[in-house]
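Asks: Have a look at this one before I ask anything.
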Amino acid sequence: MQRQYTLFDDSRRNNLLPLTFTRPVSEIRIGILTITQKWEKQLGVEFTFMTAEYLQEKYKAPMSNTETCLINGGVIPDQNLSDQISKLNLGEALAWNDVLIAAVVPLVPSPSYTPQLDNFRKVKSIKEKPFMVSNPWDIFTQNGKTLEQDYELLTKGRKSEPISNTNRVLNPERVFIEKGAKIECAILNAASGPIYIGANAEVMEGSIVRGPFALCDSSILKLGAKIYGPTTIGPNSKVGGEVNNSVIFGNSNKAHDGFLGNSVLGEWCNIGADSNNSNLKNNYANVKLWNYNTKGFVDTGLQFCGLIMGDHSKCGINTMFNTGTVVGVSANIFGSGFPRNFIPSFSWGGAQGFSIYKVEKAIETAELVYGRRNLNFTEVDKKIFNKVFEITKEFRNY
């Protein structure tokens, strides 16, 4: 019997909200690729997903009657871990302490099934803690390590496209340019980490980039952009101004001047011109960040932590985000002053207060945004919007 491979969400999904309101954990981008894409390249197979019920129509669920290798969607693979998982037999599991990493089951009872360690007759232990994403800030703090790992995975045995001699390049052997990319009159410094430029991406004139850095397929770095690594700009995005140690999942724009630092933006976000986020408190204390699981603020243990923004959220020009701000899904922020540092999903307003962004209006905007890129905001997408609106209602009262 052929084995299917499935990435499952565990309890970390709640810690990773608002980013996981609209995707399984493994669809998070860190490094160059999403976690799903990393596993696909490591194991050479396609994956199904076990995630929140309302997401299953969009993210293919596993067949229920087939032997299945379940892999924790928050774990980032390497060759050693992939090899250990490939050797698992039916009924065996792989774990680190009490965290289930992978297991092989004869069938999946239901898409909502969450595997538990005590379900398996034989549990193999991993001595070293695997590389895992458990909190939103892990995405930018661990981005450098993951970016280097992805760079090696994607470029091994391949030759970069030539770099135009209009550019100034330091450590050119650590710069990889995919087919169709355009770079002219830019400064690329790969001395502190690799620089990866995806297919059909463009780095415009005057841009200054210090690696590690990834500009994914069909994205644009605008004129005079200043990028400090480790930073990832996902596919189909436009970025300008100053960016430091941040991850943009894709299909999002920060096209103008302004600072984004130690931050994570989901998909379909837009940052208005001259908007800035603080990434350091005036008293240099650790940054606390809103946590949906505890329904309160938790200590990140970080001195530098900026903005976490869920999918489809947007801010107007000159918006100022305080240190450690969490913005939910489809929020619209504008006006003078610092808005609060937890902005619930489907909120409309700013420092002077918020009202509810009606889900019908939010869907209208999403349809227009998709239409600009010749995409269809489907009925399934609308169902997800309505469900997220429903389950985030309580937070709009905080």
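Just so you know, all these numbers are worked out from the coordinates, no wet-lab data involved. Not measured: the values here are computed from a predicted model. Don't worry about glycine lacking a Cβ; one is built from the backbone with ideal geometry, like all the others, and counts go over all protein chains shown.
Asks: Given H placed 1.01 Å from N in the peptide plane, which residues other than close sequence neighbours of Leu302 have an amide H under 5 Å from its amide H?
Replies: Correct list: Val287.
Asks: Which residues make up the longest stretch of the chain clear of GluC sites (Glu not before Pro) that lie in a DSSP loop with no more than 11 other Cβ atoms within 10 Å, not counting the sites?
Replies: In short, 129-398.
Asks: Follow-up question, since we're still on this one. In whole Hz, what ³J(HN,Hα) sequence does the range 222-239 give by Karplus (6.51, -1.76, 1.60; θ = phi - 60°), x for Gly and Pro?
Replies: 6, 3, x, 5, 10, 10, 9, x, x, 9, 10, 10, x, x, 6, 10, 10, 9
Asks: Here is a follow-up. For the chain, modelled as a GNM with alpha-carbon contacts under 10 angstrom, which of Asp118, Asp78, Asp311 fluctuates the most?
Replies: Asp118
Asks: Same structure again: Under 17 Å Cα-Cα from Lys122, which lysines qualify once same-chain neighbours fewer than 8 residues away are excluded?
Replies: Qualifying lysines at Cα under 17 Å: Lys87.
Asks: Which percent of Cα-Cα pairs in the range 268-398 sits in each 10 Å bin, short to long?
Replies: 12, 42, 33, 11, 1
Asks: Rounded to whole Hz and in sequence order, give me ³J(HN,Hα) for the range 320-328 from the Karplus expression 6.51 cos²θ - 1.76 cosθ + 1.60, θ = phi - 60°, writing x for Gly and Pro.
Replies: Ordered by residue, 3J(HN,Hα) equals 10, 9, 5, 4, x, 9, 10, 10, x Hz.
Asks: How large is the helix-only mean residue ellipticity at 222 nm for the chain, computed as the sum of -39500 (n - 2.57) over DSSP H runs with n ≥ 4, divided by its residue count, in deg cm²/dmol to the nearest 500?
Replies: -5000 deg cm²/dmol
Asks: Let me ask something additional. For a quick check, take a GNM of the chain with Cα springs below 10 Å and name the residue from Pro172, Pro194, Pro18 with the largest mean-square fluctuation.
Replies: Highest fluctuation of the listed residues: Pro172.
Asks: In terms of modelled amide H atoms, which long-range or inter-chain residues lie less than 5 Å from the amide H of Glu267?
Replies: Asp311, His312
Asks: Using a Gaussian network model on the chain with a 10 Å cutoff between Cα atoms, which of Phe321, Phe334, Phe120 fluctuates the most?
Replies: The residue that fluctuates most here is Phe120.
Asks: Return the ratio Rg/(2.2 N^0.38 Å) for the range 325-398, where Rg is computed over Cα atoms only.
Replies: 1.15
Asks: Contact order normalised by length for the chain, with contacts defined as Cα pairs under 8 Å and 6 or more residues apart; what percent is it?
Replies: The value is 10 percent.
Asks: Taking all pairs of distinct Cα atoms, average 1/r, flip it, and tell me the Kirkwood hydrodynamic radius of the range 137-255 in Å to one decimal place.
Replies: Kirkwood hydrodynamic radius for the range 137-255: 13.6 Å.
Asks: Right, here's the next one. Near the amide H of Gly261, under 5 Å away, which other amide H atoms are found, from residues 5 or more places off or on another chain, if H is placed in the peptide plane?
Replies: The list, which skips near neighbours in sequence, is Asn244, Asn277, Leu307.
Asks: Something else about it: Alpha carbons only, please: Rg and Dmax for the range 27-139, in angstrom.
Replies: 13.7, 38
Asks: Lysine pairs in the range 196-339 8 or more apart or on different chains: how many have alpha carbons under 14 angstrom apart?
Replies: Taking the Cα cut-off of 14 Å, the pair count is 6.
Asks: May I ask you to derive the relative contact order of the range 268-398, considering only C-alpha pairs under 8 Å and at least 6 residues apart, and to give it as an integer percent?
Replies: 18
Asks: Given contacts defined as C-alpha pairs under 8 Å and at least six residues apart, what's the relative contact order of the range 32-142, whole-number percent?
Replies: That works out to 27 percent.
Asks: Apply the Karplus curve 6.51 cos²θ - 1.76 cosθ + 1.60, θ = phi - 60°, to the phi angles in the range 380-391 and return the couplings in whole Hz, x for Gly and Pro.
Replies: These are the phi-based 3J(HN,Hα) values: 5, 4, 5, 4, 5, 4, 5, 5, 4, 4, 5, 6 Hz.
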